[in-house]
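The values are calculated or read from the model by the stated rules, or taken from the named source; none is laboratory data. From a predicted model like this one, the values you see are computed outputs, not experimental measurements. Note: ideal-geometry Cβ built from the backbone for every residue, glycine included; neighbour counts use all protein chains shown. SASA here: full protein model, heavy atoms, side chains in, ligands and nucleic acids out. Shrake-Rupley method; radii C 1.70, N 1.55, O 1.52, S 1.80 Å.
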Amino acid sequence: MITTTFDPGTEARLAVARQVADAVLFEGYVLYPYRASAAKNRLRWQFGVLVPPAWSAATEEHEFQHTELLMEPRPGATLAVEVRFLHARRRTVQRACPGGGFETVPELALEDRVLVPWDEGHEEQVRLTVPVAKLAEGDVVVPFGMPASEENEPVTDGAGATVGRLVRRREEVSGTLRLSMSELDGPYRTQRLSVVVENTADWLPARDADRDAALPRSLVACHTLLCLDAGRFLSLTDPPEWAKGAAAACRNLHTWPVLAGEPGRADLVLSSPIILDDHPAIAPESPGQLYDATEIDEILALRTAALTDEEKREARGTDERAAAVIELADTMPPEVLERLHGAIRGLREVTGPGTRAPDGVPAFRTPDGADPFPQDGVMRPDTPWWDPGGDTSVDPSHDHVLVDGRPVRAGCRVLLRPRLRHTDAQDLFVDGRYALVEAVLHDVDGGVHIAVTLEDDPGADIRREQGRYLYFQPDEVAVAEIREDA
């Protein structure tokens with residue numbers, strides 16, 4: 001029997017995948033500086049937009065998503081499907097008139113925020129559970145729709161007086177979910193599952209209509225979650241050897257399915273309009289939704305905290321989610337921000353028990369004379385093979401390197417000339433500029449690196465405090481001036 005409700009076990013499994021699915025749903029929803037007036041927030045909804053068929057015929061945008069993947073269900077298995085998307089809700093701002101009634105205005109200024117017109121994203125979902133045996137009998141077609149609606153929200157000032165209202169209008173959206181299944185040839189009883197989500201709105205655009213007219217009738221950021229309660233899905237990115245041909249033959253249009261949830265399990269799939277790896281995950285140190293999962297949380301948090309009070313007022317009035325980002329940045333504890341400053345996820349033991357230096361090769365020793373390789377062959381955190389703090393032979397703040405026969409050390413003034421190497425396109429921006437040497441560093445391979453801050457950089461003090469320098473090799477600088485106390 002086909003149902004639209006999930007049992008607790010299925011609900012719990014889908015919840016595991018929804019954190020990443022939410023990042024897909026809201027990717028690019030509102031971008032820094034989180035104001036409606038910002039240029040990057042004037043073109044909305046870039047990912048997974050399924051437009052009405054009439055608009056698709058007139059443009060290059062799509063009206064459907066087609067997912068194909070392989071699965072190995074056990075007897076009696078049930079497939080749960082959850083299609084998720086945003087329904088664009090158009091918000092206008094109205095001011096209360098002295099004689100009664102309301103008039104539409106481009107903005108409404110309040111003490112803590114400035115309200116402006118905006119398209120909000122209202123979360124929608126279509127849920128379905130179907131026995132796999134039912135799919136074997138034939139296609140399952142499920143039409144769905146959300147009716148048009150209008151809502152009014154009063155706006156009050158600090159004294160509680162009504163000064164305006166927000167009018168939110170939603171247009172009708174309609175679509176169809178189609179499921180089909182076929183068995184592959186061969187001994188493995190593997191099934192090819194097809195999932196199609198399409199916009200079926202009968203809206204016809206006016207001659208002068210633009211994309212903004214189509215968006216309220218579109219399925220925005222559309223993606224699909226799939227869960228098997230018994231059995232597994234096969235990865236299309238890294239399928240078993242015997243299934244590589246069948247995986248390559250799967251036809252995926254405007255979406256891409258990946259295994260979701262914990263590594264090592266294969267009962268969940270996220271079919272996303274954004275290309276992902278199997279088992280994608282949100283960075284555990286990420287403090288909250290910043291609506292740009294492809295960016296760096298630390299940069300966004302620092303930039304958001306640096307917005308002016310007026311910019312923050314407009315951001316708070318742009319969208320409730322934008323207001324939450326401002327609050328997040330303003331109240332982020334230092335220890336949380338520090339946690340965002342770099343993360344190491346790839347450490348693993350790569351030596352095996354008993355791994356020793358080959359016969360005839362002198363044993364390597366740390367500066368204190370200790371053997372860094374214990375008997376099991378694995379270097380432990382308390383026995384680093386090299387500790388810069390314990391190696392008295394290096395001192396970045398006092399070490400020097402000869403450049404054109406002259407010593408260069410911390411405090412020296414140098415002229416940058418990276419054009420000699422052409423190693424980085426960014427070098428074009430600093431070529432010919434003066435810099436202050438902050439440290440001379442020696443790497444473990446014998447290389448020398450000169451750490452500098454630009455002389456005319458207004459943020460040099462911050463870079464110095466955080467240790468974020470530009471690095472050049474000795475033949476990329478020229479001595480300009482050396483301080484007498486250097």
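Details
- For the chain, complete DSSP H runs whose alpha carbons reach 15 Å or more along their own long axis and whose mean Kyte-Doolittle score is -0.5 or higher are 8-25, 320-331.
- Dipole axis of region 126-193 (+1 Lys, Arg; -1 Asp, Glu on Cβ), positive-most option in V130, V142, N152: V130
- Net charge of neighbours whose Cβ lies under 13 Å from the Cβ of A451, counting Lys and Arg as +1 and Asp and Glu as -1: 0
- Euclidean distance of C-alpha centroids, region 411-460 and region 206-225, integer Å: 49 Å
- Calculated mean residue ellipticity, 222 nm, the chain: -4500 deg cm²/dmol, from DSSP H runs (n ≥ 4) at -39500 (n - 2.57) each, averaged per residue and rounded to 500.
- Cross-link reach list, lysines versus K312, counting only Cα pairs under 17 Å and skipping chain neighbours closer than eight places: K40
- Working ranking of peptides 123-134, 148-159 by packing, defined as the average number of other Cβ atoms within 10 Å per residue, highest first, is 123-134, 148-159.
- Whole-Hz ³J(HN,Hα) from phi, Karplus 6.51 cos²θ - 1.76 cosθ + 1.60, for region 439-444, glycine and proline x: 6, 10, 10, 10, 8, 6
- Size of charge dipole - the chain - debye, nearest 20, with Cβ of Lys, Arg +1 and Asp, Glu -1, no other charges: 1240 debye
- Accessible-area composition of region 200-338, carbon plus sulfur, in percent [1.4 Å probe]: 51 percent
- Taking label points 7 Å from Cα along the Cα-to-Cβ direction, E137 and T156 give a separation of 5.6 nm.
- Put simply, the amide H of V155, placed in the peptide plane, has neighbours under 5 Å in V163, G164, R165, L166, leaving out anything fewer than 5 places away on its chain.
- Region 1-70-region 84-100 distance, computed between alpha-carbon centres (Å): 23 Å
- Exposure rank, largest accessible area first [E298, E61; 1.4 Å]: E61, E298
- Rounded to the nearest whole Hz, the Karplus-based 3J(HN,Hα) values (6.51 cos²θ - 1.76 cosθ + 1.60, θ = phi - 60°) of region 453-467 follow the sequence 10, 5, 5, 9, 7, x, x, 4, 4, 5, 4, 5, 5, 8, x, with x at glycine and proline.
- Counting only protein chain heavy atoms and rolling a 1.4 Å probe, the accessible areas of W242, W45 rank, largest first, as W242, W45.
- The distance linking region 310-325 with region 102-153 is 21 Å (Cα centroid to Cα centroid, whole angstrom).
- Accessible surface of K244 - all protein chains present, 1.4 Å probe, nearest 10 Å²: 90 Å²
- ³J(HN,Hα), Karplus 6.51/-1.76/1.60, whole Hz, each residue of region 73-87, x for Gly, Pro: x, 7, x, x, 5, 10, 9, 9, 10, 9, 8, 10, 7, 9, 9
- Largest first, the residues S218, S180 sort by 1.4 Å accessible area into S180, S218.
- In the context of the full set of protein chains, residues of region 1-123 present 44 Å² of accessible surface per residue (probe radius 1.4 Å, heavy atoms only).
- Entry for percent of Cα pairs over 32 Å apart (calculated from the structure that is shown) out of [x] 61; [y] 54; [z] 44: [x]
- Estimated inter-spin distance, E61 and Q473, nm [label 7 Å along Cα→Cβ]: 5.0 nm
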